[in-house]
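Visitor: Below you will find the structure I want to go over with you.
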């Protein structure tokens, strides 16, 4: 918009300068020159008002875009998932693997010493259970998952 207005102002100035060159060079008629000058001044003031209004509009528009961008980023951050990484330090002593449970969700059978799961941000009770020396063992921790973050939870089942 600003560029188009600038081009329009330059074009108006050109037209007036062109018309002024058409006036006789020897003592130009004062009335024609006066009318041409009045038109040029009026059009210049009109263009100045339009340019100023467009600058205000452009500033408001940019501020609105910035607000929308900030709100969009806040929503995306709030909706971002986090991750939970559980490590069992004595997994080699567990007979038949182990179970991971988050809150009251179904248990998830695990093998090896680590498990990872994506979760929405929030607070959870994370439990790990298994069998060590033919005895059932269970450990729980309260964990907070942050958006876009990975939370590590070390367990030792004994």
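Visitor: So residue 47 passes all but one of these: (1) closer than 22 Å to residue 1 by Cα; (2) modelled with pLDDT under 90; (3) surrounded by fewer than 11 Cβ atoms within 10 Å (Cβ to Cβ). Which condition number does it fail?
Guide: Of everything listed in (1) closer than 22 Å to residue 1 by Cα; (2) modelled with pLDDT under 90; (3) surrounded by fewer than 11 Cβ atoms within 10 Å (Cβ to Cβ), residue 47 misses just condition (3).
Visitor: So, of the residues in the stretch 137-158 that are exposed (fewer than 14 other Cβ atoms within 10 Å of the Cβ) and more than 37 Å from the chain's Cα centre (by Cα), which turns out to be nearest to residue 94 (Cα to Cα)?
Guide: Residue satisfying both the conditions and the ranking: 158.
Visitor: Same structure, new question: Under 6 Å by Cβ, and 6 or more places apart or on different chains, what pairs join a residue from the stretch 54-70 that is within 14 Å of residue 2 (Cα to Cα) with one that is outside any helix (DSSP H, G or I)?
Guide: Close Cβ pairs satisfying both conditions: 54/1.
Visitor: Here are some residues: 11, 36, 65. Which one is in a helix (DSSP H, G or I) and either surrounded by 12 or more Cβ atoms within 10 Å (Cβ to Cβ) or in the same structural domain as residue 147 (by TED's automatic domain parsing) (or both)?
Guide: Working: 11 fails: either surrounded by 12 or more Cβ atoms within 10 Å (Cβ to Cβ) or in the same structural domain as residue 147 (by TED's automatic domain parsing) (or both); 65 fails: either surrounded by 12 or more Cβ atoms within 10 Å (Cβ to Cβ) or in the same structural domain as residue 147 (by TED's automatic domain parsing) (or both).
Only one candidate passes the filter, namely 36.
Visitor: Sticking with this structure for a sec: Any idea which residue in the stretch 117-136 is nearest to residue 152 (Cα to Cα), counting only those that are exposed (fewer than 12 other Cβ atoms within 10 Å of the Cβ) and within 37 Å of the chain's Cα centre (by Cα)? Explain how you work it out, then say what you get.
Guide: If we filter the stretch 117-136 for residues that are exposed (fewer than 12 other Cβ atoms within 10 Å of the Cβ), which is where we start, we get 118, 123, 133-136.
From the residues that got through so far, the ones that are within 37 Å of the chain's Cα centre (by Cα) too are 118, 123.
Numbers: 118: 12, 123: 14 Å.
The selected residue is 118.
Visitor: Which residue pairs have Cβ atoms under 6 Å apart, sit 6 or more places apart or on different chains, and have a first residue in the stretch 110-121 that is touching a residue at least 12 places away in the same chain (Cβ under 8 Å) and a second that is in a loop (DSSP other than H, G, I, E, B)?
Guide: 118/81; 120/81; 121/146; 121/147
Visitor: A further question follows. Determine, yes or no, whether residue 55 is surrounded by 13 or more Cβ atoms within 10 Å (Cβ to Cβ) and not assigned by TED's automatic domain parsing to the domain that holds residue 141. Break it down into steps so the answer makes sense when it comes.
Guide: Numbers: surrounded by 13 or more Cβ atoms within 10 Å (Cβ to Cβ): yes; not assigned by TED's automatic domain parsing to the domain that holds residue 141: yes.
Here the answer is yes, as residue 55 does meet what is asked.
The values are calculated or read from the model by the stated rules, or taken from the named source; none is laboratory data. Since this is a predicted model, take the numbers as computed values, not measurements. All Cβ positions, glycine included, derive from the backbone under ideal geometry; neighbour counts span all protein chains shown.
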